[in-house]
Amino acid sequence: PQFCRLLASGAIGPLTGITLISEGGDGDDVAGRPMPEDAGTNLAYVYETVMHDIIIAHSLTERSAVVDVRVDSVFASHARPQLDAVLEHACGLHTHVRWDGSPGVPFRRVVRLQGQLGAATWLARKGSSETTVQDADGERALALEQDGPGDQVGAVVHRLMAMLGGEPPAHDLDDAATIQEGARRLIDAVAHRLSIDVDETVVFGADDLG
């Protein structure tokens, strides 16, 4: 596709940073009932949710582990999650993760790749999505074909790896452990920011404590 050919040709240059944005949400549980307000200390929810961001970042940085995390702000809540954090990878790249689930904020999901020569952005709203490239020639939209996994995270990684001219990695147990460790580092940073302790059994679950 035009999308893959353009970026595989080096349109944005070497990757220099990643931004992952998750905004909006209806604030309901799986049964459609409004989620109760909480104290903003739900580390288990943050752990489960940030795993998706780290999977994307892990693939786009060619399996580079998260070695440090800075949390600038956080409200750890299923009802209205908020997070502003920067993940530092072993390769030197940084992934900026931003959530805002405040009431009234429209649904929006963004994956933005910053390169030395430009940027590529995948933007999803309710019912639609688009991909744009910004480089020396300006900004233009590109059409994406469904040519990869059907799940949302897998599809995004597949398409963005194609943009960078690479192949989506097949994750193995070592990758899973690296991703899990990155999520744990973020939880430790969130807990420090909130001045609370981490109850590992509650946050990670008994199966993750090996």
Residue pairs within 6 Å by beta carbon, gap of at least six or interchain, first lying in the range 106-117 and part of a loop (DSSP other than H, G, I, E, B), second surrounded by 14 or more Cβ atoms within 10 Å (Cβ to Cβ) and among the small types (G, A, S), listed first then second, are P106/G24; F107/G24
- Please verify whether the range 50-65 includes one or more residues that are out of contact with any Leu (no Cβ under 8 Å at 6 or more places or on another chain), surrounded by fewer than 20 Cβ atoms within 10 Å (Cβ to Cβ) and free of Cβ contacts under 8 Å to residues at least 40 places away in the same chain. no
Pairing a residue in the range 163-187 that is over 18 Å from C91 (Cβ atoms) and outside any helix (DSSP H, G or I) with any residue that is open to solvent by less than 30 Å² (accessible area, probe 1.4 Å) and at pLDDT below 60, where Cβ atoms lie under 8 Å and the two sit 6 or more apart in sequence or on different chains, gives none
Q134 passes all but one of the listed conditions (1) in contact with a Ser or Thr (Cβ under 9 Å, 6 or more places away or on another chain); (2) surrounded by 15 or more Cβ atoms within 10 Å (Cβ to Cβ); (3) modelled with pLDDT under 85; the exception is number (3)
Across (1) modelled with pLDDT of 85 or more; (2) farther than 30 Å from S77 by Cβ; (3) open to solvent by 70 Å² or more (accessible area, probe 1.4 Å), R98 clears everything bar (2)
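The values are calculated or read from the model by the stated rules, or taken from the named source; none is laboratory data. All values derive from a computational prediction rather than experimental measurement. All Cβ positions, even for glycine, are placed from backbone atoms using ideal geometry, and neighbour counts span all protein chains on display. Calculation scope for accessible area: heavy atoms of the full protein, side chains included, ligands and nucleic acids excluded. Shrake-Rupley method; radii C 1.70, N 1.55, O 1.52, S 1.80 Å.
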